[in-house]
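Structure, as structure tokens:
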Amino acid sequence: MANKRIDEPTGTEFVGHEWDGIEELDTPMPRWWLWSLYATIVWGVIYVILYPAWPLVNKATEGVLGWSSRGELAEEMSVVDQARATVREELARIPIERLPENSELFGQAVAGGRSAFQVHCSQCHGSGAAGSQTLGYPNLNDDDWLWGGDLKAIEYTLVNGIRAPGVDDTRMSVMPPFEGAFDSDQLTAVTNHVLSLSGKATSTASGAQLYQDNCSVCHGPSGEGNRELGAPRLNDAIWLYGSSPEQLRTQILNPKMGRMPHWSGRLDPVTIKMLSAYVWSLGGGEEFVEVAEDPAVEVDEEP
């Protein structure tokens with residue numbers, strides 16, 4: 001105590017440390033800082049008691065409140081699952097042809113269908129549903145439909161597929177091969193006539209007659225197609241396998257006929273309904289004109 005030295009200006013004791021003539025004072029910490037430190041210590045003790053804190057072998061201490069981040073996540077997921085279940089229940093109840101009448105539910109169906117499309121359909125039709133002319137996968141963004149483009153017809157196609165083996169109600173159409181039916185000049189004439197229906201070539205009388213004798217029964221006299229048979233239109237600018245004369249001759253002689261799997265049994269009915277809504281919403285969807293006027297009436301017309 002006899003060696004205690006006090007700094008006269010401040011009245012603070014020296015601690016005895018000196019650097020280059022500068023001596024250190026034993027200045028006490030501010031009171032507000034001390035009280036802040038004590039408060040954090042008290043809060044730390046309370047937190048350890050209330051919440052999970054100390055790691056153990058298999059888990060942390062649980063805390064008297066029983067809260068955990070995993071438990072909170074599970075509750076939030078449960079709320080989301082319940083909301084999703086409610087939407088699916090509503091979708092299961094509503095006839096698909098009435099779905100556009102409920103804009104909110106339709107939007108949710110489209111969102112769900114978009115996700116399902118990326119998982120189940122984009123491998124063939126592409127992530128943007130543009131299809132592939134090289135591989136014969138149709139573009140789902142346009143308004144050209146072999147069997148109809150309203151919600152009911154799209155759902156039917158998804159459920160039963162196209163030329164799906166073992167499915168009695170699958171979409172089915174067969175174009176016969178004309179290999180050997182035409183000589184070279186006749187093949188050129190009928191090819192030019194088909195191309196003339198969409199303004200891509202000039203027809204001749206012989207080509208028009210060959211078309212009427214061999215093709216019009218399915219594709220129509222003016223190439224308008226036939227949805228009941230799944231025969232495509234030939235008088236528009238949309239071609240599944242290409243529109244060059246060479247591609248068209250190949251299709252006439254040895255026609256390509258695509259196949260789409262049926263999704264009934266693979267996907268639940270609500271997911272198929274959402275997929276139908278998404279495909280319908282891409283831009284080429286058609287209106288369903290046979291909806292009964294009474295909203296309470298169950299509509300089940302054949303597409």
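The values are calculated or read from the model by the stated rules, or taken from the named source; none is laboratory data. Predicted, not measured: the structure shown is a model, and the values here were computed from it. We place every Cβ from the backbone using ideal geometry, glycine too, and count neighbours over all the protein chains shown. Quick note on the areas: whole protein, heavy atoms, side chains included, nothing else; ligands and nucleic acids left out. Shrake-Rupley method; radii C 1.70, N 1.55, O 1.52, S 1.80 Å.
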Subject >> Test: F117 is hydrophobic (A, V, I, L, M, F, W, C) and under 25 Å from M172 (Cβ atoms) >> reply: yes
Original post:
Which members of the range 82-113 meet the condition of being under 13 Å from T271 (Cα atoms), in contact with a helix residue (DSSP H, G or I) (Cβ under 9 Å, 6 or more places away or on another chain) and surrounded by fewer than 17 Cβ atoms within 10 Å (Cβ to Cβ)?
Top reply: R84, E89, E90, A92, A111
Subject >> Flag if V190 is assigned to a helix (DSSP H, G or I), within 30 Å of L91 (Cβ to Cβ), modelled with pLDDT of 95 or more and touching a helix residue (DSSP H, G or I) at 6+ places or on another chain (Cβ under 9 Å) >> reply: no
Original post:
Looking at (1) in contact with a Leu (Cβ under 8 Å, 6 or more places away or on another chain); (2) among the hydrophobic types (A, V, I, L, M, F, W, C); (3) under 27 Å from F117 (Cβ atoms), can you tell me which one L197 breaks?
Top reply: (3)
**OP:** Kindly indicate whether L158 is within 39 Å of the chain's Cα centre (by Cα), crowded, with 17+ Cβ neighbours inside 10 Å, modelled with pLDDT of 95 or more and not β-branched (V, I, T).
**Re:** yes
Subject >> Search result, residues across the range 223-248 that are closer than 15 Å to G199 by Cβ and either of a type in the set (F, W, Y) or open to solvent by less than 60 Å² (accessible area, probe 1.4 Å) (or both) >> reply: G223, L234, N235, D236, I238, W239, S243, S244, P245, L248
Original post:
Among (1) at pLDDT below 90; (2) among the polar types (S, T, N, Q); (3) within 25 Å of N141 (Cβ to Cβ), where does N102 come up short?
Top reply: (1)
**OP:** Sort out which residues of the range 121-133 are in contact (Cβ under 8 Å) with a residue 24 or more places away in the chain and either open to solvent by 70 Å² or more (accessible area, probe 1.4 Å) or basic (K, R) (or both), and write them in order of number.
**Re:** Q133
**OP:** All but one of (1) at pLDDT below 95; (2) on the phi < 0 side of the Ramachandran plot hold for G230, so report the exception by its number.
**Re:** (2)
Original post:
Does T10 count as at pLDDT below 85 and not small (G, A, S)?
Top reply: yes
**OP:** Please specify each residue of the range 81-108 satisfying the condition of being of a type in the set (K, R) and free of Cβ contacts under 8 Å to residues at least 40 places away in the same chain.
**Re:** R84, R93
